[in-house]
Amino acid sequence: MNRSYLFVPADSERKMKKAAQVGADALILDLEDSVAPAARPEAREQCRDFLGQGHNCWVRINPLDSDDAAADLEAVMPAKPAGIVLPKACGGDDVAKLAALLDGFDAPDAGILPIGTETPAAVFALGSVRGSSSRLAALTWGAEDLSAAIGASANRGEDGAWLPPYELARSLCLFAAHAAEVPAIDTVYTDFRDDEGLASYAANARRDGFSGMLAIHPAQVDVINRAFVPTAEELERAERIVALFADNPGAGTLGMDGQMIDKPHLLQAERILRLARRLAAL
């Protein structure tokens, strides 16, 4: 269970080494947006060399319909990354295409993390990731490419909240991930100097059902990691709910603290306790 995925330009050995020390659950070595086309051959070599150092590293390749994608995979897959982050993904078809390519390498455990909302067509195809491949490991979304694709002048309002088109994309990503039974990963919070805003956004992401977040700066990692750990109060309440149902087998609805507790509360409590156990094992 990865709470934080930190993007790192794959053309900078210095930045990759620094990123490995900040406590991110996973690194995303980026061969796409943060690397100029002319620098990609060298970046692939540096990426491959860094992958051999044993960190939990994913690689963001270039889009499948680009000339760079095949070269990216040929360079990095022999070094066995944890998985591939797929930009400009258009639903289950693209996930299946990438999975077929990965099957050509000796990397049976490599997962796929699609960025599922970077084109208008992709928003309509989010639900198709369900059942697309056993390699599907999680699903995330992005607003920057999407807003550029539709010619929008902004994707957030003056208060910093997502504007309606992007709140819709975020919600659809969340539902598509849960329908596919994989973690939903919320997108980046771009103001890396705003720790308070990031903490609030990350807390809301966990409240809404996301399991983690993308990060664009090392300073964001600790804030994100803390946000996705259940509080002591949440754990105590979850344990009491689970115990209450265990003591009353067959009950559909029970009273606790002046509230009626039913099956959805039990499922949520069990989910919180599973998350706590997974995080304790990290």
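The values are calculated or read from the model by the stated rules, or taken from the named source; none is laboratory data. Note that the structure is predicted; figures quoted are calculated from it, not measured. A quick note on method: Cβ atoms are made from the backbone with ideal geometry, for glycine too, and the neighbour counts reach across all protein chains shown. Just so you know, the surface numbers come from the protein's heavy atoms only, side chains and all, with ligands and any DNA or RNA stripped out. Shrake-Rupley method; radii C 1.70, N 1.55, O 1.52, S 1.80 Å.
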(message) Considering only residues that are open to solvent by 40 Å² or more (accessible area, probe 1.4 Å) and on the phi > 0 side of the Ramachandran plot, which ones fall in region 132-171?
(response) GLY151
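Residues that are in contact with a Gly (Cβ under 6 Å, 6 or more places away or on another chain), in a loop (DSSP other than H, G, I, E, B) and more than 23 Å from GLN53 (Cβ to Cβ): does region 90-99 have at least one?
Of region 90-99, the ones in contact with a Gly (Cβ under 6 Å, 6 or more places away or on another chain) are none.
Within region 90-99, none of the residues are in contact with a Gly (Cβ under 6 Å, 6 or more places away or on another chain), in a loop (DSSP other than H, G, I, E, B) and more than 23 Å from GLN53 (Cβ to Cβ).
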(request) Mind listing just one residue for me: the one in region 235-256 that is touching a residue at least 12 places away in the same chain (Cβ under 8 Å) and open to solvent by less than 60 Å² (accessible area, probe 1.4 Å) and, of those, nearest to SER4 (Cα to Cα)? (result) LEU235
(message) Criterion first (assigned to a loop (DSSP other than H, G, I, E, B), more than 20 Å from the chain's Cα centre (by Cα), surrounded by fewer than 15 Cβ atoms within 10 Å (Cβ to Cβ) and at pLDDT 95 or above) does GLY54 satisfy it?
(response) no
(message) Restricting to region 205-233, give me the number of residues that are open to solvent by less than 60 Å² (accessible area, probe 1.4 Å), over 22 Å from LEU29 (Cα atoms) and outside any loop (DSSP other than H, G, I, E, B).
(response) 4
(message) If I ask for residues that are over 18 Å from GLU144 (Cβ atoms), open to solvent by less than 10 Å² (accessible area, probe 1.4 Å) and among the aliphatic types (A, V, I, L, M), which ones from region 1-26 would you list?
(response) ALA10, MET16, ALA19, ALA26
(request) Just give me the residues in region 120-161 being within 18 Å of the chain's Cα centre (by Cα) and not small (Gly, Ala, Ser), in sequence order. (result) VAL123, LEU126, VAL129, ARG130, ARG135, LEU136, LEU139, THR140, TRP141, GLU144, ASP145, LEU146
(request) May I ask you to verify whether GLU167 is over 23 Å from ALA107 (Cα atoms), modelled with pLDDT under 95 and acidic (Asp, Glu)? (result) no
(message) Suppose we filter VAL85, VAL59 for residues that are hydrophobic (A, V, I, L, M, F, W, C), open to solvent by less than 50 Å² (accessible area, probe 1.4 Å) and touching a helix residue (DSSP H, G or I) at 6+ places or on another chain (Cβ under 6 Å); which single one remains?
(response) VAL59
(request) State which residue is nearest to ILE224 (Cα to Cα) when the search covers only region 22-51 and only residues that are outside any strand (DSSP E or B), in contact with a helix residue (DSSP H, G or I) (Cβ under 8 Å, 6 or more places away or on another chain) and hydrophobic (A, V, I, L, M, F, W, C). (result) ALA24
(request) Could you check how many residues of region 88-110 are open to solvent by less than 60 Å² (accessible area, probe 1.4 Å), more than 19 Å from the chain's Cα centre (by Cα) and small (Gly, Ala, Ser)? (result) 1
